[in-house]
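Colleague: Shown below is the structure under consideration.
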Amino acid sequence: MPTTPPAAATDLPTPEAEPDADGERRVVLAAVVGAHGIAGEVRLKVFAEDLGAHRVLNGGALTVKSVRPGNNGAIVRFAEVSSRDAAEALRGTQLWVSRDSLPPLEEGEYYHADLIGLAAVSDTDEPLGSVVAVENFGAGDVIEIERPTGKRFMVPMRADAVPEWNSERLVVASAFIEA
């Protein structure tokens, strides 16, 4: 077994759901925060609801052998990593899958990665800027929009605040727009 991770495993992806050089849209599911134990397991900060549904990560560079809950995340064993040194070398590595590998969504559902980068417009079609982040502080998703001036404001991702969105733009109700 290798004692160092494959080079492709530590290549950082482009920002969430942005195409890479090959045109593949990547979605970050987790990040390695450190090694766990001496046998090559890693501790993850997880951004996905079900990391266990994905067995092949980073374009095939990493294969998940096992995943279990850990403090503030998950503990994962990769087939390609068999030592603590190799696990430690993965620290900071973002773990991603192709956007195309994610399950289809029902009406009204969205992946955060699909919202980030969308043009934001008002319900009167005035350009507002672009979506730069999606946060959840416990009461539902909140989108952050950055104006061309660099000023940012937040809008709850609810039907009254965001009456529509598609793959090209997100519409914000006038009552929720900050000057």
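Colleague: Please count how many residues of the range 25-60 are out of contact with any Phe, Trp or Tyr (no Cβ under 9 Å at 6 or more places or on another chain) and either surrounded by 17 or more Cβ atoms within 10 Å (Cβ to Cβ) or of a type in the set (S, T, N, Q) (or both).
Modeller: Our first condition is that a residue be out of contact with any Phe, Trp or Tyr (no Cβ under 9 Å at 6 or more places or on another chain); within the range 25-60, this holds for 25, 32-39, 43-56, 60.
Then drop every residue that is not either surrounded by 17 or more Cβ atoms within 10 Å (Cβ to Cβ) or of a type in the set (S, T, N, Q) (or both), which leaves 25, 32-33, 35-36, 43-44, 46-48, 51, 54.
Total satisfying the criteria: 12.
Colleague: Only one of (1) within 30 Å of residue 37 (Cβ to Cβ); (2) at pLDDT 95 or above; (3) of a type in the set (Val, Ile, Thr) is not met by residue 162, so which one is it?
Modeller: So residue 162 meets the others, but not (1).
Colleague: Taking interchain pairs and intrachain pairs at least six residues apart, which have beta carbon atoms under 9 angstrom, with the first residue in the range 80-92 and farther than 18 Å from residue 55 by Cβ and the second assigned to a helix (DSSP H, G or I) and of a type in the set (Ser, Thr, Tyr)?
Modeller: 89/10; 92/10
Colleague: Same structure again: So which pairs qualify, if the first residue must be in the range 124-145 and on the phi > 0 side of the Ramachandran plot, the second must be β-branched (Val, Ile, Thr), the Cβ gap must be under 6 Å, and the two must be at least 6 apart or on different chains?
Modeller: Listed by first residue and then by second, the contacts come to 129/145.
Colleague: Something else about it: Within the range 137-144, can one find any residue that is among the aliphatic types (A, V, I, L, M), over 17 Å from the mean Cα position of the chain (by Cα) and at pLDDT below 95? Let's see the steps before the verdict.
Modeller: Pass one, the range 137-144, residues among the aliphatic types (A, V, I, L, M): 139, 142-143.
Next, from what is left, pick out any that are over 17 Å from the mean Cα position of the chain (by Cα): 139.
In the following step, the residues that additionally are at pLDDT below 95 were identified as 139.
Looking through the range 137-144, at least one residue is among the aliphatic types (A, V, I, L, M), over 17 Å from the mean Cα position of the chain (by Cα) and at pLDDT below 95.
Colleague: Output yes when any residue across the range 127-137 is closer than 18 Å to residue 154 by Cα, among the charged types (D, E, K, R) and either open to solvent by less than 40 Å² (accessible area, probe 1.4 Å) or touching a strand residue (DSSP E or B) at 6+ places or on another chain (Cβ under 8 Å) (or both), and no when none is. Spell out how you get there, then give the answer.
Modeller: Step one: filter the range 127-137 for residues closer than 18 Å to residue 154 by Cα, giving 127-137.
Filter again for among the charged types (D, E, K, R), leaving 135.
Going one step further and asking which of them are either open to solvent by less than 40 Å² (accessible area, probe 1.4 Å) or touching a strand residue (DSSP E or B) at 6+ places or on another chain (Cβ under 8 Å) (or both), we end up with 135.
Scanning the range 127-137 turns up at least one residue that is closer than 18 Å to residue 154 by Cα, among the charged types (D, E, K, R) and either open to solvent by less than 40 Å² (accessible area, probe 1.4 Å) or touching a strand residue (DSSP E or B) at 6+ places or on another chain (Cβ under 8 Å) (or both).
Colleague: Working carefully through the options 113, 161, find the one that is closer than 11 Å to residue 172 by Cβ, open to solvent by less than 30 Å² (accessible area, probe 1.4 Å) and not in a strand (DSSP E or B). It would help to see each step written out before you state the result.
Modeller: On the way: 113 fails: closer than 11 Å to residue 172 by Cβ.
Only one candidate qualifies: 161.
Colleague: While we're looking at this one, here's another question. Can you tell which of 92, 129, 150, 138 is over 19 Å from residue 45 (Cα atoms) and outside any strand (DSSP E or B)?
Modeller: Working: 92 fails: over 19 Å from residue 45 (Cα atoms); 129 fails: outside any strand (DSSP E or B); 138 fails: over 19 Å from residue 45 (Cα atoms).
Being over 19 Å from residue 45 (Cα atoms) and outside any strand (DSSP E or B) holds for just one of 92, 129, 150, 138, which is 150.
The values are calculated or read from the model by the stated rules, or taken from the named source; none is laboratory data. Bear in mind the structure is a predicted one, so any value in this text is a computation, not a measurement. FYI the Cβ positions are ideal-geometry reconstructions off the backbone, even for glycines, and counts take in every protein chain you see. In case anyone asks, the SASA skips ligands and DNA or RNA and just uses the protein heavy atoms, side chains included. Shrake-Rupley method; radii C 1.70, N 1.55, O 1.52, S 1.80 Å.
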